[in-house]
Amino acid sequence: MKVVVEGCCHGELDQIYDVIGQLQEREGVTVDLLICCGDFQAVRDRTDLDSMAVPLKYREMGSFYKYYSGEKTAPVLTIFIGGNHEASNHLWELSYGGWVAPRIFYLGRAGVVRCGGLRIAGLSGIYKEGDYRKGTFERPSFSEGTKRSVYHVRSCDVFRLKQISGHVDIGLSHDWPLGIYHHGNKAQLLRKKPYFAEEMEAESLGSPAAMELLQHLSPDYWFSAHLHVKFAAVYHHDDGDESGVRITKFLALDKCLPGRRYLQVLDIDTPSPPPYKLCYDAEWLAILRSTEHLMSYSRLLWLPPHPSTDSRLSYTPTSEEVDEVKTLFHGNLVIPDNFTSQQHSVFLLTFDPHDFDSAPPLSRQTLVSQRTDRRLSSVPLWGSAIPSLPVR
């Protein structure tokens, strides 16, 4: 499978797809999958733009709205995670993931999917210690504070990802795993970004949550963005057995700007032949289902299961739990191409992205099931907890 990895998108979908098109024409190849590592900026309208935590001088519509409205169609199957400059109003509606436009899929706050047999796990947002152990309490309309805290990584999402068993091919995080610079050319990195030195000396550059997941999941590849520089590293996992040391190849990429190194093309062996379909991961769905009652939607401290209060400590699914999910999906885990836009198309077709102040914000009532498989919101899959959850 030919995979293109991209760093910070910053709403420049037209530019990214144009470069991929030029690559395909020049090399005579077909790109099967594009992976974007955050700051995607899936902005549909002014309401989304106002929910994005960026300085006013950087607040631009970008080109995503063209793909949302149907004016354009993504030429390459695209998946992405969230970063710290996102249309939080939009991504909040899809906290479990889903299509944001035809052929463009958001992994959610945390998510696992399969494509061509590759297992891809992602964690959206960036790490901030003060919010890490809180519940996901943010709700639109966001204040200046919550439009930032909404993209902070939460320990409950990391807990869920750590329940995964089996092999993971690709791991994704927006910010770098903490200390990953020790496993690459640190001197070269400092020549490019000398102001990293203080944080590197303090061992505070990067995300402890992302490193915890990298160590636990041991994927073949880990891709990140955020720091706007290309950097490669090789992390050696010391398993302490005779099977040898496993490695994770790490790559961070820059933001989409002329002359910057923001794209990388990879050839990755897959067990399935093309055409490649995006599929749910049955084990991940079983984890979501079994842990929903543990989730918190308040500012209170979130605590993982504890022997003194919980009868079950590990939520790595049993084979029976995984089989039950497969049965609910009748053995077909292909994610259906069922994206529908809500109330936006007419607005966007007449919308001047350079004059967004003249356009009124839209009111929306978008259900998650309208852009993801309706079976995901069904009571049989999620159990009795789903009726009490806020609709997203």
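Values in this text are rule-based calculations from the coordinates and carry no lab data. Note that this is a predicted model, so its numbers are computed, not measured. Reconstructed Cβ throughout: ideal geometry from the backbone, glycine too, with neighbour counts over all protein chains shown.
Structural remarks
- With the highest mean first, a sort of the peptides 306-312, 207-213, 2-8 on other beta-carbon atoms found within 10 angstrom per residue produces 2-8, 207-213, 306-312.
- The lysines whose alpha-carbon is closer than 25 Å to the alpha-carbon of residue 147, local same-chain residues fewer than 8 away aside, are 57, 66, 128, 134, 255.
- At full extension, residue 236 and residue 71 could sit 54.8 nm farther apart than now, given 0.36 nm per residue minus the alpha carbon distance.
- Ranked by the mean number of other Cβ atoms within 10 Å of their residues, highest first, the peptides 284-297, 105-118, 140-153, 19-32 fall in the order 105-118, 284-297, 140-153, 19-32.
- Added length on full extension, which subtracts the Cα-Cα distance from 0.36 nm per residue, residue 23 to residue 342: 111.4 nm
- q = 0.20 Å⁻¹: log10 I(q)/I(0) that the Debye formula gives for the stretch 1-139, counting C-alpha atoms only: -1.26
- Modelled label positions at residue 277 and residue 128, each set 7 Å beyond Cα in the direction of Cβ, lie 4.1 nm from each other.
- Between the stretch 147-164 and the stretch 65-116, the alpha-carbon centres lie 18 Å apart.
- For the stretch 143-168, the residues whose amide N sits under 17 Å from a probe point set 7 Å from the Cα of residue 313 along the beta carbon direction are 159-160, 162-164.
- Descending semi-axes in whole angstrom, ellipsoid equivalent of the chain, from the Cα gyration tensor: 28, 27, 23
- Take every Cα pair under 8 Å whose residues are at least 6 apart in sequence, average their separation, divide by the length of the chain, and the relative contact order is 20 percent.
- Inter-centroid distance (Cα atoms) of the stretch 183-257 relative to the stretch 296-338, Å: 29
- DSSP beta bridge pairing in the stretch 186-276, given as percent antiparallel to the nearest 5: 65
- Overall, the stretch 53-189 carries a charge dipole of about 120 debye about its Cα centre when +1 sits on the Cβ of Lys and Arg and -1 on the Cβ of Asp and Glu, all other atoms neutral.
- Overall dimensions of the stretch 235-331 as given by Cα atoms, namely Rg and Dmax in Å: 20.1, 56
- Counting 0.36 nm for each residue step from residue 216 to residue 196 and taking away their Cα separation leaves a gain of 4.6 nm.
- DSSP beta bridges in the chain [antiparallel fraction, %, rounded to 5]: 55
- Checked against a 26 Å cut-off, the cross-linked pairs 193/249; 72/162; 72/277 give Cα-Cα distances beyond that limit for 72/162.
- The chain - charge dipole about Cα centre, Lys and Arg +1 at Cβ, Asp and Glu -1, debye rounded to 20: 540
- Net charge, residue 158 excluded, C-beta distance under 15 Å - Lys, Arg +1, Asp, Glu -1: +2
- Estimated purely from DSSP H runs of n ≥ 4, each contributing -39500 (n - 2.57), the mean residue ellipticity at 222 nm for the chain is -6000 deg cm²/dmol once divided by its residues.
- Taking label positions 7 Å along the Cα-Cβ direction at both residue 320 and residue 300, the computed distance is 3.1 nm, reported to one decimal.
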